[in-house]
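One structure is given here, and the rest of the page talks about it.
The values are calculated or read from the model by the stated rules, or taken from the named source; none is laboratory data. Just so we're clear, the structure is a prediction, and the values are computed from it rather than from any experiment. Positions of Cβ are backbone-derived with ideal geometry, glycine not excepted, and every protein chain shown enters the neighbour counts.
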Amino acid sequence: MDELVYLRNDEAVCSSLQVAEKFEKRHDNVMRSIEGLLKNEETHEMFKNSSYIEEQNNQRYPMYLMNRDGFSLLVMGFTGKKALDWKLQYIKAFNQMEKFIREKQTQTSRKNWKESGST
């Protein structure tokens, strides 16, 4: 998946695998950080269990999908120029995806309004 942020169940998300790759972190360390965050009940809606298939061995491995809040919480502690550059790119990507979602919802509302015969 080349997109930084993508649509999943009408929510903008990114994966722990992407975060590990882009921020040059080991995925197991990113997973461990997320699991630490999940010890707080307030974070449970920010992260969803998922999985990916490794192309080399065709094995399925765990990963997390996270929304904007989960991403922000996770990378808050990442430092350095490269980390800042990636944070800014992700923020831009989340903003673009959320704009797309709003536009999609507006178009659906307009279509439903027209179909209902309202003028």
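Numbers below:
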read-out: Residue, surrounded by the most Cβ atoms within 10 Å (Cβ to Cβ), within the range 56-98, restricted to residues that are within 13 Å of VAL5 (Cβ to Cβ) and of a type in the set (Gly, Ala, Ser); value: GLY70
read-out: Qualifying position, being hydroxyl-bearing (Ser, Thr, Tyr), in a helix (DSSP H, G or I) and touching a residue at least 40 places away in the same chain (Cβ under 8 Å), among SER72, SER33; value: SER33
read-out: Output for the range 75-119, where each listed residue is in a helix (DSSP H, G or I), in contact with a helix residue (DSSP H, G or I) (Cβ under 9 Å, 6 or more places away or on another chain) and of a type in the set (Gly, Ala, Ser); value: ALA83
read-out: Considering residues of the range 5-30 that are assigned to a loop (DSSP other than H, G, I, E, B) and not basic (Lys, Arg) only, the residue farthest from PHE100 (Cα to Cα); value: GLU24
read-out: Failed item, numbered, when PRO62 is tested on (1) part of a loop (DSSP other than H, G, I, E, B); (2) without any contact (Cβ under 8 Å) to a residue 40 or more places away in the chain; (3) within 16 Å of GLN18 (Cβ to Cβ); value: (1)
read-out: Single unsatisfied condition, THR43 versus (1) of a type in the set (Val, Ile, Thr); (2) over 15 Å from the mean Cα position of the chain (by Cα); (3) farther than 17 Å from LYS25 by Cβ; value: (2)
read-out: Among the residues listed as ASP2, ASP28, the single one being at pLDDT 95 or above and among the acidic types (Asp, Glu); value: ASP28
